[in-house]
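The structure appears right after this line, and notes come after that.
The values are calculated or read from the model by the stated rules, or taken from the named source; none is laboratory data. Only a predicted model underlies this, so the values are computations on that prediction, with no experimental measurement involved. Neighbour counts run over all protein chains shown; Cβ positions are idealised from the backbone, glycine included. Heads up: the accessible areas ignore ligands, DNA and RNA and are worked out on the full protein's heavy atoms, side chains in. Shrake-Rupley method; radii C 1.70, N 1.55, O 1.52, S 1.80 Å.
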Amino acid sequence: MRDAYDRVFAENPRHALQYSTTEGDPELRTAVAERLTARGLPTGADDLLVTTGSQQALTLLTTALVEPGAVVLVENPCYLAALQTFGFAGARVVPVPTDDQGLLPAALEEIAAREKPTLLYVVPTFQNPTGRTLPAERRAAVAEAAARHGFWIVETTRTANCATTASASLDRRRPRGGRPHRPARLLLQGDGPGLRLGYLRAPAGLRRSCVIAKQAADLHTSTIDQAAAARYLRDRDLDAHVAVIRAAYQERRDAMLEGLPAALPEGSRWNRPEGGMFIWASLPEGTTPRRS
Ligand SMILES: Cc1ncc(COP(=O)(O)O)c(C=O)c1O
């Protein structure tokens with residue numbers, strides 16, 4: 001990354017610290033679009049809006065979609081900062097029950113029919129905070145429910161897993177029975193979180209609303225950071241770097257799993273996530289968790 005910043009300053013110093021467009025650096029958007037397309041999610045640079053972290057993408061989508069009192073469905077349990085975002089917007093947050101594999105499609109169906117939600121927020125792969133990954137057939141069921149009841153799917157995922165997202169199948173589907181066709185996808189750039197770079201992939205109308213909301217929020221994401229990220233993607237092999245990170249996290253997960261039996265009371269249960277950063281442990285009934 002230091003090389004990338006040096007190159008940007010050396011090659012385009014006048015541009016590096018200037019204002020730029022709200023939509024984001026065209027070279028960065030092109031590079032991200034190519035990566036998504038290569039992973040089975042056909043994407044053009046203009047389908048993307050660069051955001052200041054994926055958290056901002058969530059805020060922008062909420063600004064665009066959620067009126068006070070609107071129903072937002074979430075997994076139970078759900079990523080905490082998403083709950084805060086929906087809460088600030090005055091949403092009525094309704095939890096959807098889950099099991100060890102994530103959202104329960106039958107419960108989603110029943111709640112969606114009753115609550116007429118505006119959107120479902122879901123983290124289908126290596127969920128925060130449970131580490132769970134939603135199986136393919138449940139993703140299809142979520143997509144079906146969204147099409148049937150006309151709610152948006154807002155999902156955060158890791159770049160490498162975009163092709164398996166719940167709403168990917170909706171891109172190829174026509175709206176049914178005159179209901180609006182409203183898949184949205186929110187993608188997280190999972191590495192170097194302090195850079196505060198993320199992006200949002202959404203249908204044109206919704207994306208335009210998010211661009212307007214972003215203008216009001218911060219005009220645009222840092223010019224120099226976007227240019228350095230684009231430069232990095234051009235000059236370096238991100239996949240090779242991700243492979244190194246993946247191996248490091250795998251080692252940590254294995255060490256944590258090995259240590260848990262001695263650390264938790266007897267009768268505790270936990271999962272063995274295939275990726276991500278979280279393990280979800282349940283303590284026996286009546287146990288009070290406390291720091292040691
Ligand atoms: C599900 C989820 N969404 C959003 C974020 C925030 O991401 P960012 O740093 O891209 O804003 C995180 C961070 O861990 C997360 O787990």
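The table below lists the values:
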{"quantity": "Protein accessible area in segment 213-292, 1.4 Å probe - carbon and sulfur %", "calculated": "52 percent"}
{"quantity": "Compactness of segment 195-292, expressed as Rg and Dmax over alpha-carbon positions, Å", "calculated": "21.0, 55"}
{"quantity": "For R92, residues with placed amide H under 5 Å, excluding near neighbours", "calculated": "G69, A70, V71, V72"}
{"quantity": "Exposed-loop-free span, longest in the chain, where GluC sites (Glu not before Pro) count as exposed if DSSP calls them loop and at most 10 other C-beta atoms lie within 10 Å", "calculated": "1-265"}
{"quantity": "Accessible area expressed per residue, segment 192-271, with surrounding protein chains retained (probe 1.4 Å, Å²)", "calculated": "57 Å²"}
{"quantity": "Spread of Cα-to-Cα distances over 10 Å intervals beginning at zero, given as percent, for the chain", "calculated": "6, 26, 33, 23, 10, 2, 0"}
{"quantity": "Potential lengthening between A248 and R234 on full extension [0.36 nm per residue; Cα-Cα distance subtracted]", "calculated": "2.6 nm"}
{"quantity": "Surface accessible to a 1.4 Å probe, per residue, for the residues of segment 1-156, Å²", "calculated": "44 Å²"}
{"quantity": "Integer Hz, Karplus 6.51/-1.76/1.60 couplings in order for segment 55-69, x for Gly and Pro", "calculated": "4, 5, 4, 5, 5, 5, 4, 5, 4, 6, 10, 9, 7, x, x"}
{"quantity": "Relative contact order (percent, whole number), the chain, Cα cutoff 8 Å, 6+ residue spacing", "calculated": "24 percent"}
{"quantity": "Helix-derived mean residue ellipticity, 222 nm - over the chain, DSSP H n ≥ 4, -39500 (n - 2.57), to 500", "calculated": "-14000 deg cm²/dmol"}
